[in-house]
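Worksheet for the structure shown next.
The values are calculated or read from the model by the stated rules, or taken from the named source; none is laboratory data. These figures come from a predicted structure and were not determined experimentally. Neighbour counts are summed over all protein chains in view; Cβ atoms, including those assigned to glycine, are modelled from backbone coordinates with ideal geometry.
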Amino acid sequence: MKRLFLFGMVLTVVFIFFSACNNANDQSEFNDKFGKSFNFDEETFLSKWNSWNNQNIQNYSFILSQVFPYLKIKLIYINGILDSYENADPSSNSDSFFELLNNLISSQDFAQIPDFSSMSNLYQSIYDKVHVDKQSWNTKVPDHIISKTINLEYGAMHNISFYGISTKFKEGYKPPTDGDFPFVISEFKIEE
């Protein structure tokens, strides 16, 4: 009787161990089975990031554009860090533009905004955000989300030139208007 009891205990422990190992994959298998997907080309991203770092470009500028909140600014980097910025849209009201920018920088939600203090920090902040999203995705995906795709494009100097997240929702679901908004980096130029 003791042997049967011990055998039963061992079987229970083994079952619990294998169940725990499989639970980590359950959400991922569920996502695959029901057509849910998280898409991020990590190999290309890491290759471009490495290529950017290997060039050791320290002095550069570019125009950053975002539709919401509306921004079009020229960012200037000296010795690898953000040195200054200026309004790149002469048709906009400069005072309200810089007020919006300063409010954006000082807001509590600034952590949600990619880090533009350098191109390397931009890469790092996107990488960190994607991995938090991916970890969350593999843990529990809300029923109303079908897929999430991280869209990135790169410039000739391996700089990021576009970042956006596409989320596909179930039919009839009305997504909130907050969250990640795409941005474009254009007119990238190496400064002397």
Hey, can you tell me all the residues within the range 118-144 that are polar (S, T, N, Q) and either at pLDDT 90 or above or surrounded by 14 or more Cβ atoms within 10 Å (Cβ to Cβ) (or both)?
S118, S120, N121, Q124, S125, N138
Can you tell me which condition V14 does not meet? The list is (1) touching a His at 6+ places or on another chain (Cβ under 6 Å); (2) at pLDDT below 65, and all the others hold.
(1)
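The rows are residues; the columns are (1) in contact (Cβ under 8 Å) with a residue 24 or more places away in the chain; (2) under 23 Å from S65 (Cα atoms).
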residue	(1), (2)
V130	yes, yes
W137	yes, no
T149	yes, yes
Y154	yes, yes
E171	no, no
F181	yes, yes
Considering (1) surrounded by fewer than 15 Cβ atoms within 10 Å (Cβ to Cβ); (2) modelled with pLDDT of 75 or more, say which one D115 fails and leave the rest.
(1)
Suppose the filter is more than 19 Å from H131 (Cβ to Cβ) and either within 12 Å of the chain's Cα centre (by Cα) or surrounded by 12 or more Cβ atoms within 10 Å (Cβ to Cβ) (or both); does P182 pass it?
yes
Residues satisfying the stated conditions in the range 129-174, i.e. assigned to a strand (DSSP E or B) and within 16 Å of L46 (Cβ to Cβ):
I150, L152, E153, Y154, I160, Y163
